[in-house]
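*Asks:* Below is a structure I'd like to ask you about.
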Amino acid sequence: MIAFLRASLRRACRAVPLSLGERGVAAVETAIVIPILVILLVGVAEVGSKILTGHQLNTTASRVGDLVTQQQAVTQAGLNDIFAAVEHIAGESFDEHGVVIISAVTGTNGVARVAWQRRGAGTLQEPSHVGATGAVAQLPGDFTVANGETVIVVEVIVANGGVVADLMTPHSVIAKTSLHRGRINDLGTITGS
């Protein structure tokens, strides 16, 4: 089969003057290869963007949770300061494209419930994956909260699908979650709310 195709191509090339045939083949090859290379280049940029955004959100969630658990007492003013610092921690302002949700999950009678929840550092209207205040908390996998224990859960959610994904889907969301146990105090209540 390959020999037949090769012979057919040689006969076709003999019918065309040598320089014209070579230029035509080069033009056809270029027309075929360039779109493939462009698709590969855009794909690499998209994947790189997703990886970088995911790493940035993981780091932000971890640092915010660390700041909350270092407080002597959780206050609304302290949380407002942390939300204000998110732009510096993340390296960008989330505005309407993102939000940070801080929740306290307390173990009561063998059930983990959301004790309180605050949103800030952006205005994206995306629901918490942990749940609403008073609801049973949706925690990852086998993570448990002992009776009387409070865990801080930080969710960083950004509407960012990359260049191509934004063109194809109207709302693509990347969310990262970080869980932190209290260090020196009970984080189950918030003062100054």
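The values are calculated or read from the model by the stated rules, or taken from the named source; none is laboratory data. Note that the structure is predicted; figures quoted are calculated from it, not measured. Virtual Cβ from ideal backbone geometry, glycine too; neighbours counted across all protein chains shown. Surface accessibility is based on the protein's heavy atoms, side chains included, excluding ligands, DNA and RNA. Shrake-Rupley method; radii C 1.70, N 1.55, O 1.52, S 1.80 Å.
*Asks:* Cβ contacts < 8 Å: first residue on the phi > 0 side of the Ramachandran plot, restricted to the range 153-182; second residue at pLDDT 65 or above and open to solvent by less than 50 Å² (accessible area, probe 1.4 Å), any location; separation 6+ or different chain. Result?
*Replies:* Listed by first residue and then by second, the contacts come to GLY162/GLU46; GLY162/SER49; GLY162/SER172.
*Asks:* For residues that are at pLDDT 85 or above and among the charged types (D, E, K, R), scanning just the range 150-182, find the one that is farthest from VAL47 (Cα to Cα).
*Replies:* GLU155
*Asks:* List the residue pairs whose Cβ atoms are under 6 Å apart, where the first residue sits in the range 46-62 and is open to solvent by 30 Å² or more (accessible area, probe 1.4 Å), the second is modelled with pLDDT of 85 or more, and the two are 6 or more positions apart or on different chains.
*Replies:* ASN58/LYS176; SER62/SER178
*Asks:* Pairs, please: C-beta under 8 Å, at least 6 apart or cross-chain, first residue closer than 17 Å to GLY98 by Cα and in the range 121-137, second open to solvent by 70 Å² or more (accessible area, probe 1.4 Å) and at pLDDT below 85?
*Replies:* If the second residue must be open to solvent by 70 Å² or more (accessible area, probe 1.4 Å) and at pLDDT below 85, the pairs left are GLY122/ASP95; GLY122/GLU96; GLY122/HIS97; THR123/ASP95; THR123/GLU96; LEU124/GLU96; LEU124/HIS97.
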